[in-house]
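Report on one structure; see the data block that follows.
The values are calculated or read from the model by the stated rules, or taken from the named source; none is laboratory data. Fair warning: this is a prediction, and the values are worked out from it, not measured in the lab. Every residue, glycine as well, gets a Cβ built from its backbone with ideal geometry; the counts of neighbours run over all protein chains shown. The protein model used for the area step is the full one, side chains on, heavy atoms only, and it has no ligands, DNA or RNA in it. Shrake-Rupley method; radii C 1.70, N 1.55, O 1.52, S 1.80 Å.
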Amino acid sequence: MTKTPETTRSFIDKSLGDWKAIRSSHSLAFQEVETINSNIYISEIKINSKDVEEILKKFNLKLQNPFAINITWEAKSDWNEDLEVKKNKTTLVFSQKDS
């Protein structure tokens, strides 16, 4: 299967939305299991948004047919007594490969 902008775009389109993830790990040192629950949000953003413009400017990029997504997530571990929610965000910018 060849990698083309269409297959990349199709994959991203299928990934848009809200996702939940649960992961567990075992600590041999403490003989305990940690469970982490995460909420993941993937959304398309406008190419002229502040986040995208900052990326393009920082790396001096001029892209062909670009599109961009934001991925934000929140994770909660049962090891934290206060059940602190950790959050983060990333922006990905995609461009058609030069022929």
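Under a point-charge model restricted to the Cβ atoms of Lys and Arg (+1) and Asp and Glu (-1), what is the dipole moment magnitude of the chain relative to its Cα centre, in debye to the nearest 20?
It comes to approximately 600 debye.
How about the range 48-99: which trypsin sites (Lys or Arg not before Pro) there lie in a loop by DSSP and see at most 13 other Cβ atoms within 10 Å?
When the trypsin sites (Lys or Arg not before Pro) of the range 48-99 are filtered for loop state and at most 13 Cβ neighbours within 10 Å, Lys62, Lys97 remain.
Using DSSP to call loops (not H, G, I, E or B), can you name the chymotrypsin sites (Phe, Trp or Tyr not before Pro) in the range 1-77 whose Cβ has at most 15 other Cβ atoms within 10 angstrom?
Answer by residue number: Phe30, Phe59.
Ignoring ligands, DNA and RNA, what percent of the accessible area of the chain is carbon or sulfur (1.4 Å)?
Working: 4290 of 8030 Å².
Reported share for carbon and sulfur atoms: 53 percent.
So what J values fall out for the range 24-37 if you push phi through Karplus, 6.51 cos²θ - 1.76 cosθ + 1.60 with θ = phi - 60°, rounded to Hz, Gly and Pro as x?
Here the 3J(HN,Hα) series is 10, 9, 10, 9, 5, 5, 9, 6, 10, 10, 9, 10, 10, 9 Hz.
Distance cut-off 18 Å, Cα to Cα: go down the list Lys50/Lys89; Lys62/Lys89; Lys20/Lys46; Lys46/Lys76; Lys20/Lys87 and report the pairs above it.
Check vs 18 Å cut-off fails for Lys62/Lys89; Lys20/Lys46; Lys46/Lys76.
Testing the spin-label approximation: label points 7 Å from Cα along Cα→Cβ at Ile40 and Leu16. State their distance in nm.
Distance between the two pseudo-spin positions: 1.8 nm.
Using DSSP to define loop residues, name the GluC sites (Glu not before Pro) in the range 54-85 whose beta-carbon has at most 12 other beta-carbon atoms within 10 Å.
Answer by residue number: Glu81, Glu84.
Can you show me the helix-derived [θ] at 222 nm for the chain, built from DSSP H runs with n ≥ 4 at -39,500 (n - 2.57) apiece and divided by the number of residues, rounded to the nearest 500.
That comes out to -6000 deg cm²/dmol.
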